[in-house]
Protein chains: 2
Amino acid sequence: MKAHVHVRLKPGILDPQGKAVQQALHHLGFRAVESVRIGKLIELEVAAETREEAEALVQQACQKLLANPVIETYDIEWVDAS
Amino acid sequence: MKAHVHVRLKPGILDPQGKAVQQALHHLGFRAVESVRIGKLIELEVAAETREEAEALVQQACQKLLANPVIETYDIEWVDAS
């Protein structure tokens, strides 16, 4: 089963990488870009019998390693129904 | 207008960051995770009169700065219809 995990900084947490990209865009002439925030897109392939089992595993992986719950939020999207 | 840009490594391009995360997951006991690939999730806020104008701007920004077209692909998703 294939999951896409989106990890984002929580609102209010400073994003220096996003700020740097925004400034670079402004220097390139893209002045209409008002804000940039950068997160991670993690694509996981999981071997599991059921969707529930896979979901539990990916949730745990997010909490233990993939996201930092102090400053980040995540959501999990399943790509195929197999 | 708000766009989410997903930037992924093209298939076949080695992803050492993904490999490192996969090994870390295995060490934590998540042996069912068969593959991990890591991309970027870029959230942009764009000031534009029309969706077409915003779309053209974000496409250009992707090609010039946000993605490396040699090794990465990207797709743009619009979050609200305003």
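The values are calculated or read from the model by the stated rules, or taken from the named source; none is laboratory data. This is a predicted model, so every value here is computed, not measured. Glycine gets a Cβ as well: all are built from the backbone with ideal geometry, and neighbour counts include every protein chain shown.
I'm trying to understand the selection: among the residues of the range B:23-61, which are touching a residue at least 40 places away in the same chain (Cβ under 8 Å) and under 16 Å from A:GLY39 (Cβ atoms)?
B:GLU43, B:LEU44, B:GLU45
For the range B:40-66: of the residues being touching a helix residue (DSSP H, G or I) at 6+ places or on another chain (Cβ under 9 Å) and among the small types (Gly, Ala, Ser), which is surrounded by the most Cβ atoms within 10 Å (Cβ to Cβ)? Give the derivation first.
Taking the range B:40-66 as the starting set, the residues that turn out to be touching a helix residue (DSSP H, G or I) at 6+ places or on another chain (Cβ under 9 Å) are B:40, B:42-44, B:46-48, B:58, B:61, B:64-66.
Subsequent filtering for residues that are among the small types (Gly, Ala, Ser) retains B:47-48, B:61.
Numbers: B:ALA47: 12, B:ALA48: 15, B:ALA61: 26.
Only one residue tops the list, namely B:ALA61.
Residues checked against (1) within 18 Å of A:GLN17 (Cβ to Cβ); (2) touching a His at 6+ places or on another chain (Cβ under 9 Å); (3) β-branched (Val, Ile, Thr); (4) at pLDDT 95 or above:
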| position | (1), (2), (3), (4) |
| --- | --- |
| B:HIS6 | yes, yes, no, yes |
| B:LEU14 | no, no, no, yes |
| B:GLN23 | no, no, no, yes |
| B:THR50 | no, no, yes, no |
| B:ILE71 | no, no, yes, yes |
| B:SER82 | no, no, no, no |
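Of all strands (runs of 3 or more DSSP E) completely enclosed by chain A, which ones contain at least 3 residues that are more than 10 Å from chain B (Cβ to nearest Cβ)?
A:72-78
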